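Heads up: the structure comes next, in structure tokens.
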């Protein structure tokens, strides 16, 4: 498989297979229309679309163009949630586990140029202790009490299990299906499989090129933003030097991009990159040797109609709203996003903390689950996909695991992933895992990371509505973190807020309380030099599973789900003007 994003150029071709496909639940006989790419959950008012847990089938005809004779051609799926079986004319040709990263299926030997075949994609959205993200297996649903031990309730839970009810162990909706683009792509038979770029501030660019095919000359040319040659050389690996390099700077700086043009035999690939360095020094996070302060809300891939489906218009709208907020970053909570968003952030200078889908790992039994090898593979695949993006400045191994019930086992599990991330990343970016509200003085994982990221909800989930008590408690915890001498980002904090709900007194769920909450938390953050960032939860309201604490989803957004700003968005816009 190639990790390279598909391109149309003088050597490569691709056909987008987006549009209207046939769709059915596995037990159905008849087919109905479905849009690809998009989550299937909101495309039909039939309750099964919203709540189904199990296997669905997509199909369409595909034709390999006759002009592709003599080429290598394959199918590329950018993401299918959460696992997929690919069939051609009824014969299984591939399977993939995981819903947020791409995979390819070579078609040579299965189809000829000019031939048409029926493509069927089976998707399975069921989640459990062996998936990422995690699903429950008989435990209490997220944010709800199932009153364990009551006979009638236990009987109801058993019925749910028999019906395959999908119970996520995470606070966002389990959108599923073919959610990102599907393409037919063609390359020469001997092709460029992968490219690794490691730039330095002095203008040195260390590169390596992986190819499939016989030995042949590999030429590397570095083009500046005006497409002028800035450096060139030959060989499978080496170092090129750019004199007087322009650096990639986070917004509001200039995110300058170069292009590495690679040729190998008849193949050509162009890889955008930026010259920038990131490192942690004491309690500072440095980008290009200068202290950087993270300030921007976390996100979700979530919108009406599309669900988690890729939407270029939405991506552009969201990044422009980040600029409007004077924000400079987000965390890909809680999974790797579509590659188009990273490309946009490279161009626009928005910094990304890139996160694996390891969310929902609460129970102490997690360290006995058969997840370690799979988790490592997902981490490796994410780094392989995203390592050349200058916008990516830190890897997050996961979100809110239980690290304090069995602290030694937790450390063993997460530290091995920490070491792997450093080993796998040629640029050796900082590594973190995001901590939940726990017994911070007991656990060993979070404080061992390069940067401490903690999610805290003083004044919301605990000490609810009492902001003076919330500040008092938060300051006590911050005093403890100060002794760890690590840079710290408050990576989630927020208050559910119903847009348009106001009160003369700032009480929970009003827009006034959301502003007062952020004022209180910011007062505590601004007192501490080791605090290097704030990431409010969340950029926009988003869909969740049903529960007694959710009214039409999670309402902690600075914007509504359709991107209308609440009072808190205006408040942050003013605050972040001075950052």
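The values are calculated or read from the model by the stated rules, or taken from the named source; none is laboratory data. All values reported here derive from a predicted model rather than from experimental measurement. Please note: Cβ atoms are built from the backbone with ideal geometry, for glycine as well, and neighbour counts cover all protein chains shown.
Tell me, please, whether a residue that is farther than 30 Å from residue 52 by Cβ and assigned to a strand (DSSP E or B) can be found in the range 503-519. Steps first, please.
At the first step, the residues of the range 503-519 found to be farther than 30 Å from residue 52 by Cβ are 503-519.
If we keep only those that are assigned to a strand (DSSP E or B) as well, we get 509.
Yes - at least one qualifying residue is present in the range 503-519.
State whether one or more residues within the range 38-56 are within 24 Å of the chain's Cα centre (by Cα), in the same structural domain as residue 175 (by TED's automatic domain parsing), closer than 15 Å to residue 14 by Cβ and part of a loop (DSSP other than H, G, I, E, B).
The answer is no; no qualifying residue exists.
Would you mention how many residues in the range 122-145 are touching a helix residue (DSSP H, G or I) at 6+ places or on another chain (Cβ under 8 Å) and at pLDDT below 75?
Count: 1.
Conditions (1) surrounded by 15 or more Cβ atoms within 10 Å (Cβ to Cβ); (2) within 18 Å of residue 574 (Cα to Cα); (3) in contact with a helix residue (DSSP H, G or I) (Cβ under 6 Å, 6 or more places away or on another chain), marked per residue:
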position	(1), (2), (3)
462	no, no, no
492	yes, no, no
515	yes, yes, yes
542	yes, no, no
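Please enumerate the residues belonging to the range 101-121 that are touching a helix residue (DSSP H, G or I) at 6+ places or on another chain (Cβ under 8 Å) and within 25 Å of residue 5 (Cβ to Cβ).
Taking the range 101-121 and keeping what is touching a helix residue (DSSP H, G or I) at 6+ places or on another chain (Cβ under 8 Å), we get 101-102, 113-114.
Once the filter is applied, which keeps residues that are touching a helix residue (DSSP H, G or I) at 6+ places or on another chain (Cβ under 8 Å) and within 25 Å of residue 5 (Cβ to Cβ), the range 101-121 yields 101, 102, 113.
Under the condition of being surrounded by 10 or more Cβ atoms within 10 Å (Cβ to Cβ) and not in a helix (DSSP H, G or I), which residue from the range 146-159 is modelled with the highest pLDDT?
Only one residue tops the list, namely 150.
What are the residues in the range 322-343 that are assigned to a helix (DSSP H, G or I) and buried (at least 19 other Cβ atoms within 10 Å of the Cβ), if any? Before the answer, list the steps.
Start the filter on the range 322-343 by keeping residues that are assigned to a helix (DSSP H, G or I), which leaves 322-325, 339-343.
Correct list: 322, 325, 339, 341, 342.
Quick check on the range 545-556. Is at least one of its residues assigned by TED's automatic domain parsing to the domain that holds residue 434, modelled with pLDDT of 95 or more and on the phi < 0 side of the Ramachandran plot? It would help to see each step written out before you state the result.
As a first pass, look at the range 545-556 and keep what is assigned by TED's automatic domain parsing to the domain that holds residue 434: 545-556.
With modelled with pLDDT of 95 or more added as a condition, the list becomes 555-556.
Subsequent filtering for residues that are on the phi < 0 side of the Ramachandran plot retains 555-556.
Yes: one or more hits.
Output yes when any residue across the range 194-206 is at pLDDT 95 or above, on the phi > 0 side of the Ramachandran plot and in the same structural domain as residue 83 (by TED's automatic domain parsing), and no when none is. Even if it seems obvious, please write down each step before you answer.
Of all residues in the range 194-206, those at pLDDT 95 or above come to 194-206.
Keeping just the survivors that are on the phi > 0 side of the Ramachandran plot gives 203.
Now restrict to residues that are in the same structural domain as residue 83 (by TED's automatic domain parsing): none.
No, there is no match, as no residue in the range 194-206 is at pLDDT 95 or above, on the phi > 0 side of the Ramachandran plot and in the same structural domain as residue 83 (by TED's automatic domain parsing).
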